[in-house]
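The values are calculated or read from the model by the stated rules, or taken from the named source; none is laboratory data. All figures in this text were calculated on a predicted structure; none of them were measured in a lab. Cβ sites come from the backbone with ideal geometry, for glycine too, and all protein chains shown count toward neighbours. We work out accessible area using only protein heavy atoms, side chains counted, and drop any ligands, DNA or RNA first. Shrake-Rupley method; radii C 1.70, N 1.55, O 1.52, S 1.80 Å.
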Amino acid sequence: MASTLEALERWVNEVAALTRPAKVHWCDGSEAEYQALLRQMLADGTLIELNQETHPGCYLHRSNPSDVARVEHLTLVCHPNEEDAGPNNHWMAPTEAHAKMDALFDGCMEGRTLYVIPYCMGPIDSPLSRCGVEITDSPYVVANMRIMTRMGKAAQERIEREGLLSDGVFVKGLHSTGELDPERRWIMHFPAERTIKSYGSGYGGNALLGKKCHALRIASNQARDEGWLAEHMLIVGIENPQGKTHYIAAAFPSACGKTNLAMLIPPEGYRRDGWKVWTVGDDICWMRPGADGRLYAINPEAGFFGVAPGTSDSSNPNALKSISHDTIFTNVAVTADNQPWWEGLPGTPVTDWQGRPYDPANGPAAHPNSRFTVSARQCPTWSSKAEEAQGVPISVIVFGGRRPSLLPLVMEARDWTHGVLMGAAMGSETTAAATGAVGVLRRDSMAMKPFAGYHYGDYFAHWLSFDRPGAKLPKIFHVNWFRKGKDGKFLWPGFGENLRVLEWMIARVDGKARGTETPIGTLPAAGELKLDGLKLDSATLAELLAVDRAGWQAELAAIGQYLDGFAPRLPAALRAEQQRVADALGADAMPRKAATA
Ligand code: O2Y
Ligand code: MN
């Protein structure tokens with residue numbers, strides 16, 4: 001018997017009977033096992049060795065060119081009741097979905113090895129962590145899961161301990177790369193059964209089931225049932241010169257710079273004064289009220305699966321240092337001396353992400369969604385608190401999007417309900433010319449549109465439910481790093497300079513900034529944003545903090561329409577909050593008085 005937990009043993013046997021592998025391997029997560037997998041993948045061409053002098057322990061994987069990203073249209077949430085999936089998810093009835101998937105899995109591992117990967121999302125001894133087991137036929141998935149999760153023996157022991165208390169507490173994830181045929185590719189979630197079935201992709205979020213599938217889509221359901229939050233947020237600690245650290249959780253849609261913010265380098269003056277930044281997580285945050293009423297957060301992941309293009313010494317030196325060794329690269333280009341390369345790095349590519357001689361006529365050398373997988377422990381700013389069982393107390397929640405106009409650089413919600421409205425309304429204007437829809441606003445509530453595993457109306461109600469007697473909730477803010485001037489250029493420099501905005505938020509939390517009240521929220525009062533050392537004229541600052549009343553009235557009307565799309569499950573309190581802000585904007589005189597911190 002490979003496990004002392006009957007439920008686990010039974011499930012593995014059932015899957016093996018269906019998929020008929022040549023061999024079953026239970027992963028122990030050891031270094032020796034990892035090295036053996038690397039050797040095997042190097043031998044069969046799944047991995048390519050990179051320059052071991054410049055990049056020791058680094059390897060390149062080229063995925064099938066038709067399998068390079070998450071596939072939202074093939075990602076389904078299969079609640080027994082269709083309404084529970086909501087308009088924000090694709091849905092299929094569980095019986096139909098199981099039948100479809102089991103037909104695909106039938107015999108799919110013949111001649112291959114079935115790997116059993118027990119994993120823990122979060123520190124192994126944390127009560128906030130949750131466990132799962134992924135079964136896969138991909139050694140590349142095993143290697144990535146070892147970096148991205150606490151995987152192996154310790155996780156299996158926790159699963160077995162918890163299994164004695166109640167049957168089936170671990171999330172079951174079944175994955176096969178199949179034929180990598182986009183016509184035979186599905187990522188199915190069964191929240192009621194805490195089960196995931198993924199077939200036909202070997203890439204990222206489709207295949208590393210601990211990440212988006214478990215830690216967001218299934219966990220958002222677990223979290224609602226158990227009274228916590230599973231969110232698409234980075235977690236960063238900001239330590240002031242007095243040595244006090246505030247932890248910030250921030251949600252931004254994909255490709256808005258979460259990894260950069262999580263690894264921010266303070267501007268020179270701040271560094272001189274003694275400010276420090278600590279990385280706790282770059283993508284996912286699980287938060288739960290503690291005994292003192294505050295929200296405590298863990299990063300359920302143990303690594304980063306970051307976008308390579310654009311990662312450079314100027315945009316994110318900490319990420320670049322992290323990936324200088326022991327990293328798996330996927331779909332990047334290669335230089336003449338076999339170093340990984342992508343757009344934004346110095347040097348010249350000779351081989352593109354598909355292994356062809358680089359020719360600009362074929363497009364970028366690295367795929368735009370090419371990735372690095374690296375242990376978080378390799379990040380120079382990795383926080384020791386990220387490994388602690390109780391998690392970190394969250395002082396501030398930030399929502400943000402890519403909004404070239406209207407949305408100010410920063411605004412603070414007046415209370416929790418207003419903050420939930422800010423999160424529900426957030427979104428980005430599209431930039432990808434490929435979609436043919438540049439400049440279209442796509443709302444992405446709490447950055448969870450692709451990841452909330454149930455009806456957004458119920459999800460908003462869950463968020464609102466945290467505002468209860470005894471709660472000491474974080475302050476909520478909305479930021480917009482992407483505001484543009486009339487010349488089409490960004491008004492705010494972004495990157496490390498964003499610390500100036502975070503400092504103002506912390507000053508608000510500590511009661512050290514008064515702010516200016518407006519109908520849309522509290523904005524920094526004159527002189528409150530520290531701008532020394534920054535070339536930003538007063539007209540630009542005024543534009544960044546302007547409140548265009550007519551524009552906002554139209555925005556509130558659009559938010560109302562968007563929210564109505566979640567009726568009848570939309571909480572009345574959220575619609576009332578939208579109406580309150582709309583009414584405040586409609587009032588004759590726009591009040592602008594100093595707020596109490
Ligand atoms: O395309 C994928 O499979 C990866 S998507 C991804 C990866 C890391 C962190 N976030 C995301 C995302 O889409 O939000
Ligand atoms: Mn993400």
Exercise. Take the Cβ-Cβ distance between Asp415 and Ala554 as r, set R0 to 30 Å, and report the resulting FRET efficiency rounded to the nearest 0.05.
Key: 0.80
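With a 1.4 Å probe and every protein chain kept in, tell me what percent of the accessible surface of the chain is carbon plus sulfur.
Working: 11840 of 22640 Å².
Looking at the chain in its full context, I get 52 percent from C and S.
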Self-check item: Sequence-distant residues sharing a close amide H with Gln390 (under 5 Å, placed H)
Solution: none
Practice problem: Check cross-link reach from Lys486 to the lysines: straight Cα distance under 24 Å, and skip same-chain residues fewer than eight apart. | Solution: Lys535
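Sort out the exposed loop GluC sites (Glu not before Pro) in the chain (DSSP loop, at most 15 other Cβ within 10 Å) and tell me the longest stretch that has none. Please report the intermediate quantities before stating the final value.
On the way: sites that count: Glu53, Glu110, Glu179, Glu388.
Answer - 389-597.
For the chain, what is the charge dipole size about the Cα centre, in debye to the nearest 20, if Lys and Arg each add +1 at the Cβ and Asp and Glu each add -1 at the Cβ?
1280 debye
Mean separation of Cα pairs under 8 Å and 6+ residues apart, divided by the residue count of the range 470-580: what relative contact order is that in percent? Could the numbers behind the result be given before it?
Values: 54 pairs, mean separation 16.8, N = 111.
Relative CO of the range 470-580 lands at 15 percent.
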Quiz prompt | the range 125-237, accessible area per residue, ligands and nucleic acids excluded (1.4 Å, Å²) | solution = 25 Å²
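As an exercise, take the mean of 1/r over every pair of distinct alpha carbons in the range 77-202, invert it, and state the Kirkwood radius in angstroms. Can you show the working numbers first?
Details: mean 1/r = 0.0641 Å⁻¹.
It is 15.6 Å.
First select every other residue whose beta carbon is under 14 angstrom from the beta carbon of Gly560; then total the charges, Lys and Arg +1, Asp and Glu -1.
-1
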Self-check item: Structure-based [θ]222 nm, the chain - -39500 (n - 2.57) summed over DSSP H runs of at least 4, per residue, nearest 500
Solution: -8000 deg cm²/dmol
Exercise. Report Rg (one decimal) and Dmax (nearest whole number) for the range 1-133, counting Cα atoms only, units Å.
Key: 18.8, 56
Quiz item: For the residue pair Ile48 and Glu9, what label-to-label distance in nm results when each label sits 7 Å from Cα along the Cα-to-beta-carbon direction?
Solution: 4.5 nm
Exercise. Report the normalised scattering of the chain as log10 I(q)/I(0) at q = 0.06, 0.08 Å⁻¹, calculated by the Debye formula with identical scatterers on the alpha carbons.
Key: -0.30, -0.55
Quiz item: For the range 75-141, what Kirkwood radius comes out of the mean inverse Cα-Cα distance, in Å?
Solution: 14.8 Å
Practice problem: With an 8 Å cut-off on Cα pairs and a minimum separation of 6 or more residues, tell me the relative contact order of the chain in percent. | Solution: 14 percent
Quiz item: Any idea which of Leu473, Pro21, Gly290 is furthest toward the positive side of the dipole for the chain, if Lys and Arg beta-carbons carry +1 and Asp and Glu beta-carbons -1?
Solution: Leu473
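Heavy-atom accessible area per residue, the range 442-523, 1.4 Å probe: how many Å²? List each step's numbers first, then the result.
Details: 2890 Å² over 82 residues.
Computed with neighbouring chains in place, this is 35 Å² per residue.
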Quiz item: For labels at Arg442 and Ser465 in the simple 7 Å Cα→Cβ model, what's the distance in nm?
Solution: 3.0 nm
Self-check item: 0 to 90° range, to nearest 10: angle between helix 94-105 axis and the chain longest Cα axis
Solution: 50 degrees
